[in-house]
Amino acid sequence: MRFFKDLSLSAFTAGFVAVLVGFTSSVAIVFQAAQAFGATPAMITSWMWALGLGMGLCSAVPSLYWRKPVMIAWSTPGAAVLAVAGVGYGMNEAVGAFIVCAALITLAGATGWFERVMNKIPMAIASALLAGVLARFGLQAFLAAQTALPLVLLMLAAYLLAKRFMPRYAVPLTLLVGVVYAASRGQLAWSAVHFDMALPIFTMPVFTWRAAVSLALPLFVVTMASQNLPGVAAIRAAGYDLPISKLITITGVATLVLAPFGGYALNLSAITAAICMGPEAHDDPKRRYTAAVSCGAIYVVIGLFGAAVVGVLTAFPKELVAAIAGLALLGTIGGGLAAAVRDESHREAALITFLVTLSGVSVAAIGSAFWGVVAGAIALAVQQLGRRNRYDSAQSIHGADPTKTSVGKAIAPGGKIVPNEQQATRNAAAGKTF
């Protein structure tokens with residue numbers, strides 16, 4: 001099978017690191033969301049079953065089909081919204097709201113409107129958005145040194161040495177060094193691991209206008225704005241041409257099927273996608289899909305074993321997780337920043353997008369990723385409006401051809417000033433050149 005020929009240690013490790021980062025950074029928020037609806041421990045395990053299988057199959061199957069990395073995750077900001085807004089609602093109403101949200105996501109994908117909106121965002125803005133989302137993880141990698149200085153310094157040294165002598169295996173070796181050090185210091189919390197199979201629990205949905213307005217709509221908005229938006233940016237920044245509308249539709253349909261079991265919202269991933277789509281996963285972009293498939297397979301195992309695998313992942317010290325995430329994303333952060341500031345005409349708007357996104361500001365329960373794009377788009381529109389006004393003024397002064405200047409010259413594409421036709425003819429006769 002071609003997959004096993006393309007698979008490498010670095011790709012599998014990238015998939016594992018993506019799962020490690022994705023779960024340990026947000027699984028507690030998902031637990032809180034479930035508990036807000038009065039979920040029992042068995043129901044929480046069912047949520048892990050539904051989300052694990054949904055993320056795993058929606059990542060692995062499309063990746064194998066298109067042979068390009070497709071990364072699907074649960075909606076972390078959506079879980080945060082549910083944890084706050086879910087108080088006072090029962091699980092039946094919550095499931096009804098999940099289904100309404102899933103229907104809206106499916107509609108957004110099937111109609112193609114979301115992809116059309118994304119196509120209007122310049123690459124500089126999209127790259128700045130991705131860099132701003134990921135830069136927070138890069139900062140956290142070094143902030144972890146405040147509480148675990150030896151561990152972070154050791155992992156940083158391992159990463160730099162491996163990048164110099166074995167760049168393809170830099171992330172696997174760095175992770176190994178961190179795990180060995182943590183184990184030698186007794187910092188791995190294996191006591192939290194309990195090996196039990198997860199069982200799905202079906203909850204009959206109840207549809208109410210109150211839950212639709214208070215739960216479904218906020219969940220839909222934050223999932224599309226704070227998750228799918230940077231997810232598309234991650235795909236395009238990595239250079240992959242994937243059918244965005246089809247992917248959005250897949251996540252919507254999967255959420256529809258899994259909502260009664262706790263699959264509240266699935267969406268495109270940004271952070272874990274950057275790990276599996278970057279050069280650290282594999283030197284050859286055509287073989288990086290194996291990292292996404294590996295990640296998906298691990299998600300499926302998590303779904304089947306539920307709390308057991310979650311216990312394994314959460315056994316790692318939080319500083320180790322922060323360090324490996326930040327180091328694994330360094331290349332992608334650098335590439336995003338380089339693409340963001342490459343075009344001088346878009347540079348200021350891209351920097352505004354980057355800074356607003358990096359700030360983590362949240363307005364109306366919508367995260368900074370959305371507001372970063374809004375701020376960058378407004379800045380770019382203002383800059384282009386000024387240029388258009390100057391263009392219109394030139395047209396009114398010089399008639400039909402606004403590229404003519406007051407000294408009888410024309411502005412060619414690219415801004416180079418050249419003589420107009422009459423002047424060029426006279427110069428040619430006189431033997432003059434420019």
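The values are calculated or read from the model by the stated rules, or taken from the named source; none is laboratory data. Not measured: the values here are computed from a predicted model. Quick reminder, even Gly has a Cβ in these numbers, built from the backbone with ideal geometry, and neighbours come from all protein chains shown. To get the accessible areas, we keep the full protein, side chains included, count just its heavy atoms, and leave off ligands, DNA and RNA. Shrake-Rupley method; radii C 1.70, N 1.55, O 1.52, S 1.80 Å.
I need the shape label for segment 226-305. Rule: rounded when a/c is under 1.5, else prolate if a/b > b/c, else oblate, with a, b, c from the alpha carbon gyration tensor.
oblate
Per residue of segment 375-380, in order, report the coupling 6.51 cos²θ - 1.76 cosθ + 1.60 (Karplus, θ = phi - 60°) as ³J(HN,Hα) in whole Hz, putting x for Gly and Pro.
Each residue's phi maps through the Karplus curve to give 5, x, 5, 5, 4, 5 Hz.
So what is the accessible area of segment 232-363 per residue, in Å², with the probe set to 1.4 Å?
With all protein chains present, segment 232-363 gives 32 Å² per residue.
How long are the semi-axes of the equivalent ellipsoid of segment 245-284, taking √(5λ) for every eigenvalue λ of the Cα gyration tensor, in whole Å from largest down?
27, 11, 7
Which shape class, rounded, prolate or oblate, goes with segment 60-144 when its Cα gyration tensor gives a ≥ b ≥ c as root eigenvalues, a/c under 1.5 marks rounded, and past that a/b bigger than b/c marks prolate?
Taking the square roots of the gyration eigenvalues as a ≥ b ≥ c, segment 60-144 is oblate.
Work out from phi, with θ = phi - 60° and the Karplus expression 6.51 cos²θ - 1.76 cosθ + 1.60, the ³J(HN,Hα) of each residue of segment 331-336, listed in order in whole Hz, and give x for Gly and Pro.
x, 5, 4, x, x, x
Please work out whether segment 78-202 counts as rounded, prolate or oblate from its C-alpha gyration tensor, where a ≥ b ≥ c are the square roots of the eigenvalues and a/c under 1.5 means rounded, while otherwise a/b larger than b/c means prolate and anything else oblate?
It comes out oblate by the Cα gyration axes.
How large a share of the accessible area of segment 90-137, in percent, is made up of carbon and sulfur atoms when the probe is 1.4 Å and the other protein chains stay in place?
67
Take the Cβ-Cβ distance between V301 and L217 as r, set R0 to 45 Å, and report the resulting FRET efficiency rounded to the nearest 0.05. Walk me through the intermediate numbers first.
Values: r = 34 Å, r/R0 = 0.75.
Once the sixth-power term is evaluated, E becomes 0.85.
Per 0.36 nm of contour for each residue apart, how much would the distance between V361 and V374 grow if the chain were fully extended, relative to their Cα-Cα spacing?
Answer, rounded to one decimal: 3.4 nm.
Placing unit charges on C-beta atoms (Lys and Arg positive, Asp and Glu negative, everything else neutral), compute the dipole magnitude of segment 97-192 about its Cα centre in debye, rounded to 20.
Here segment 97-192 has a charge dipole of around 220 debye.
So what's the net charge close to P230: Lys and Arg +1, Asp and Glu -1, counting the other residues with Cβ under 12 Å from its Cβ? Please report the intermediate quantities before stating the final value.
Working: positive: R136, R236; negative: none.
With Lys, Arg at +1 and Asp, Glu at -1, the neighbours total +2.
Evaluate the relative contact order of segment 1-155 (contact order divided by residue number), counting alpha-carbon pairs under 8 angstrom at least 6 apart; express in whole percent.
Computed over segment 1-155, the figure is 21 percent.
Given H placed on each backbone N at 1.01 Å, which residues far from L266 in sequence or on other chains put an amide H within less than 5 Å of it?
HN-HN under 5 Å from L266: T255.
Could you give each residue of segment 212-220 its phi-based ³J(HN,Hα) in whole Hz, using Karplus coefficients 6.51, -1.76, 1.60 with θ = phi - 60°, and x for Gly or Pro?
Those phi angles translate into 5, 6, 8, 10, 5, 5, x, 4, 5 Hz.
Placing +1 at every Lys and Arg Cβ and -1 at every Asp and Glu Cβ, with all other atoms neutral, what dipole size does segment 1-129 have around its Cα centre, in debye to the nearest 20?
Here the size comes out at about 460 debye.
Using 0.36 nm per residue, how much length does the chain from V382 to T40 gain when fully extended, once their Cα-Cα distance is taken away?
117.9 nm
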